[in-house]
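For reference, the structure discussed in these notes is given below.
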Amino acid sequence: MLTITPPPGQRRGQAGLRRSLTTLLAAMAAAAALAGPVAAQSGDSAPETVQSTTTIPRAVELGDVEHGRELWEFECAACHEMGPGAGDGIGPQLNRVFGRRAAAVADFPYSDSIRRMGRDGLYWTFRTLDAYIENPYALVSGTRMSYAGLDDEGDRADLLAFMRLYSDQPGDIPEAEPTARRVEVELPPEVLEIRGDREWGEFLASECTTCHQRDGAAAGIPSITYWPEDRFVVAMHAYREGLRPHQVMQNIARRLTDEDIAALATYFATIDD
Amino acid sequence: MAIKRRTLLAGMAAGSAVLAAPAVMGASRPKVVVIGGGSGGATAARYLARDSQGALDVVLVEPTRTYYTCYFSNLYLGGFWDLENLGHSYGTLAARHGINVVHDWAIGIDRDAQTVTLAGGDVLDYDRLVISPGIDFVEGSVPGWSVAAQNRMPHAYKAGSQTELLKAQVENMREGGVFAMVAPPNPYRCPPGPYERISMVAHVLSERNPTAKILLVDPKENFSKQALFEEGWARHYPGMVERVGPDFGADNVSVDPEAMTVDIDGMVEQVDVCNVIPAQQAGRIAHLADLTNDSGWAPVVPADMRSRMDDKIFVLGDASAQGDMPKSGFSANSQAKVAANVIRHELLDARLFPARYANTCWSLIATDDGVKVGASYEPTDEKIATVDSFISQTGEDADLRRQTFEESIGWYNGIVADMFT
Ligand SMILES: Cc1cc2nc3c(=O)[nH]c(=O)nc-3n(C[C@H](O)[C@H](O)[C@H](O)COP(=O)(O)OP(=O)(O)OC[C@H]3O[C@@H](n4cnc5c(N)ncnc54)[C@H](O)[C@@H]3O)c2cc1C
């Protein structure tokens, strides 16, 4: 098995941002198609054997399981285990990850950030896994998973098709999902090129500073100052599209336009007191 | 403006940041007076001064030297928060932002002359006036009760010594005694406030005095976060809280502070502690300046919080009648930022931005059991209207509730920093 050396996280520039936004919007289209999470079980009762691909036509439709297996070995297996007897490694075991709540493996030393998302109600579905694997920080800002992300959408689908085999009822993938996933949402290039209007950002930020302290002090509510702008933008889109589950932040993000988000990102990145 | 010695001193304490700004040198800086250094007033003064970098002369009139927040005062009652952590001083507003903090009462506003008279005799001119005086009680709304009786039957709806008194009464209540609350009719400050208080009193009693009872006398059909509170009371304090609604005459209540009785539509209850939260109206100065209407509150223009009675005056927070926003510290803070932007636009030609309003109110039901409700708002011609809202769900798991409580602490630290630092 090949061991991967994960490159340092957070080194994505504009290209990474573009990919993340595309995923977010595509995921939004898929969202409606996804039913609520299946009853999550803890992973210690792992399935005895991996079910044969012939019994799971829809999982196959999701992507190329064999290619997914190769990607798993190459990209994930250095840190994660799946299958009979899987235990925790650098990362938690990933049996039955579909439908599982984020940070649900007992005793695994998760980051505070992913624990928080789990408490907020983040469940692993095709949509949320796809976003996490593409760019872990978009979904979970402070995740300990130092993995730079899998850029190619097709690769992610193949990988998830493979991982799906280790979850309950792998054949039971919602009808519309494989199709919906392929709906391409063209993101207008101007969205990515928006230069934040700092003064407008400062005015908008006055709404945020009722909860997020300007000096970055964080007790109970995370700090949002001095983030790289692209990470900030991606996080806000993740709330706006409902990928991140928090009620307060979803409510706040829903009324922000792309310009508003860019302005806020600029302001908080350069806040000066 | 008649500058008295203490005003001058406050101005001098402002230090070099302000004095360095060239606009300060001219004697003719536009003047903004802010009456009331609470959630709305302190925020407005701070944003006006900070964002104008010394180009505005900002005077904050507030009688007390320490502002005790009502928010988290229920947590103090419940033993989850210290009194010292409720109190905040105005030192940084003066020293860092150059605000002239005048500790005095405003006793009159001459709208034609554009002046404010203070109890100490000073007269302040203004180009724009902001008032955020909070609430006063409607006299006679609970027959038998008056402010003179507030030591026997505390309201604890303005924080500070009243809150301390109520806490002591609850803690020293006789074993198996009855704590009664007379809840206010709508509209009033902090819709979930009385019910969070019931929760906190129940928490204290269930630990110290488990056979005690709580009688909630409520003139309203239903109340804020009702399902969440009732679920929590049944779970954490089974059998302790009894609520009497208008169907049993709770809209016809009087009290006798001497006898310590509550009369609910003819049925007289002997109680041991009685928390009377009377009906409310805008703080007195709003009435004195003729800024209120028949409702007892001061109507404002939804787009910028300007008084409908006077376009040089802005009314913030609890005192204003604006539409759908609850009377909360969060709302007052949100409204203050909108008004501050408009005032800077009018007096200094700063860029004008469209109003954005928001509110979230957290409540603590029991240890680590926090809930929240919130919304975003937009101005229409008629009122500030809700656009999008959310509320905690019943049956949420304990981890989420604990996290919600921790977030409320984050918010508390955030909002007081946004007002006072
Ligand atoms: C028990 C309780 C719990 C609460 N919990 C929350 C909560 O969790 N979250 C939340 O958002 N809100 C909460 N609130 C509501 C919140 O406290 C008020 O809505 C908020 O403080 C209103 O702000 P304001 O500026 O209108 O008035 P205030 O904050 O009351 O400020 C008014 C100030 O004006 C001063 N003043 C009055 N008259 C004059 C005068 N003539 N001259 C000079 N100064 C004057 C007063 O001294 C006072 O300091 C709670 C309230 C209570 C009672």
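The values are calculated or read from the model by the stated rules, or taken from the named source; none is laboratory data. Quantities reported herein were computed from a predicted structural model and do not represent experimental measurements. For neighbour counting, all protein chains shown are included, and Cβ atoms are generated from backbone atoms with ideal geometry for every residue, glycine included. The accessibility values were calculated without ligands, DNA or RNA, using every heavy atom of the protein model including side chains. Shrake-Rupley method; radii C 1.70, N 1.55, O 1.52, S 1.80 Å.
Things worth noting here:
- Pairs of Cα atoms nearer than 8 Å and 6+ residues apart set the relative contact order; for chain B it is 17 percent.
- Approximate spin-label separation B:ASP349-B:ARG235, in nm, with each point projected 7 Å along Cα-to-Cβ: 5.8 nm
- Mean Cβ count within 10 Å, highest first, over the residues of peptides B:138-147, B:390-399: B:138-147, B:390-399
- Dimensions in Å of the stretch B:139-278 - Rg and Dmax from alpha carbons: 13.8, 38
- Think of a 1.4 Å ball rolled over the protein heavy atoms: the stretch A:65-179 then has 35 Å² of accessible area per residue.
- DSSP bridge pairs, chain B: antiparallel proportion in percent, nearest 5: 55 percent
- On the stretch B:283-352, 44 percent of the accessible area sits on carbon and sulfur atoms, based on a 1.4 Å probe.
- Antiparallel DSSP beta bridges within the stretch B:139-278, percent to nearest 5: 40 percent
- Cut-off under 5 Å, modelled amide H: who pairs with B:GLN280 long-range: B:VAL138
- Rounded FRET efficiency, nearest 0.05, which uses the C-beta distance separating A:ALA217 from A:THR270 and R0 of 25 Å: 0.85
- Backbone N under 15 Å from the B:LEU165 label point (7 Å along Cα→Cβ), restricted to the stretch B:260-292: B:260, B:273-278
- J(HN,Hα) series, the stretch A:103-110, from Karplus relation 6.51 cos²θ - 1.76 cosθ + 1.60, nearest Hz, glycine and proline x: 6, 9, 7, 4, 6, 6, x, 5
- Size of electric dipole in the stretch B:280-368: Cβ of Lys, Arg +1 and of Asp, Glu -1, about Cα centre, debye, nearest 20: 180 debye
- Solvent-accessible area, 1.4 Å probe, carbon plus sulfur percent, for the stretch B:46-122: 45 percent
- Across the stretch B:139-278, Cα pairs under 8 Å and at least six residues apart give a relative contact order of 35 percent.
- Burial of 10 Å² or greater, the stretch A:240-259 residues [accessible area, probe 1.4 Å, versus chain by itself]: A:HIS246, A:GLN247, A:VAL248, A:ASN251, A:ARG254, A:ARG255
- As a fraction of the 1.4 Å probe accessible area of the stretch B:139-278, surface on carbon and sulfur atoms comes out at 47 percent.
- Label-to-label distance, B:ASP127 versus B:THR421, with points set 7 angstrom from Cα along the beta-carbon direction: 3.1 nm.
- What the phi angles of the stretch B:70-77 give under the Karplus curve with 6.51, -1.76 and 1.60, with θ = phi - 60°, is a coupling list of 6, 5, 6, 5, 5, 5, 5, 4 Hz, glycine and proline written as x.
- Degrees, to the nearest 10: B:226-236 long Cα axis against longest axis of chain B: 50 degrees
- Amide H to amide H, with H built 1.01 Å from N, B:VAL102 comes under 5 Å of B:LEU60, B:VAL61, B:GLU62, counting only residues 5 or more places away or on other chains.
- The residues of the stretch B:292-421 present an accessible area of 32 Å² per residue when probed at 1.4 Å with all protein chains retained.
- Inter-part distance, the stretch B:236-281 to the stretch B:64-111, computed on C-alpha centroids, equals 31 Å.
- The Cα trace of the stretch B:69-147 gives Rg and Dmax of 17.6, 49 Å, the first to one decimal, the second as a whole number.
- Stretchable slack from B:THR64 to B:ALA398, in nm (0.36 nm times residue separation minus alpha-carbon distance): 116.3 nm
- Excluding ligands, DNA and RNA, the accessible surface per residue across the stretch A:189-269 is 36 Å² with a 1.4 Å probe.
- Sum of -39500 (n - 2.57) over DSSP H runs of 4+, divided by residues of chain B (222 nm, nearest 500): -9500 deg cm²/dmol
- Amide hydrogen neighbours beyond the local backbone of B:ILE107, cut-off 5 Å, H modeled: B:THR117, B:LEU118, B:ALA119
- Of all aspartates and glutamates in the structure, those lying under 17 Å Cα to Cα from B:LYS158, and not within fewer than 8 positions of it along the same chain, are B:GLU62, B:ASP82, B:GLU84, B:ASP136, B:GLU139, B:GLU196, B:ASP318.
- Fully extended contour minus Cα-Cα distance, from B:THR92 to B:GLU269, at 0.36 nm per residue: 58.9 nm
- Fully extending the segment from B:ASP311 to B:ASN151 would add 53.6 nm, taking 0.36 nm per residue of separation and subtracting the current Cα-Cα distance.
- Where B meets A: accessible area buried, both sides, 1.4 Å probe, Å²: 3000 Å²
- Overall Cα dimensions of the stretch A:189-269 - principal axes, largest extent first, Å: 37, 26, 19
- Among B:ALA339, B:ALA113, B:ALA45: highest mean-square fluctuation, GNM of chain B, C-alpha pairs under 10 Å: B:ALA113
- 4 °C / 1.567 mPa s Stokes-Einstein diffusion coefficient of chain B, Kirkwood radius on C-alpha pairs, µm²/s: 58 µm²/s
- Inter-probe distance in nm under a simple model that places probes 7 Å from Cα toward Cβ, at A:ASP112 and B:SER28: 5.3 nm
- Candidates B:LEU291, B:LEU75, B:LEU347: whichever shows maximal mean-square fluctuation once chain B is modelled as a Gaussian network with Cα springs under 10 Å: B:LEU347
- For the stretch B:182-194, backbone phi angles converted through the Karplus equation (6.51, -1.76, 1.60; θ = phi - 60°) give residue-by-residue couplings of 9, 7, x, x, 5, x, 8, 4, 6, x, x, x, x Hz, Gly and Pro being listed as x.
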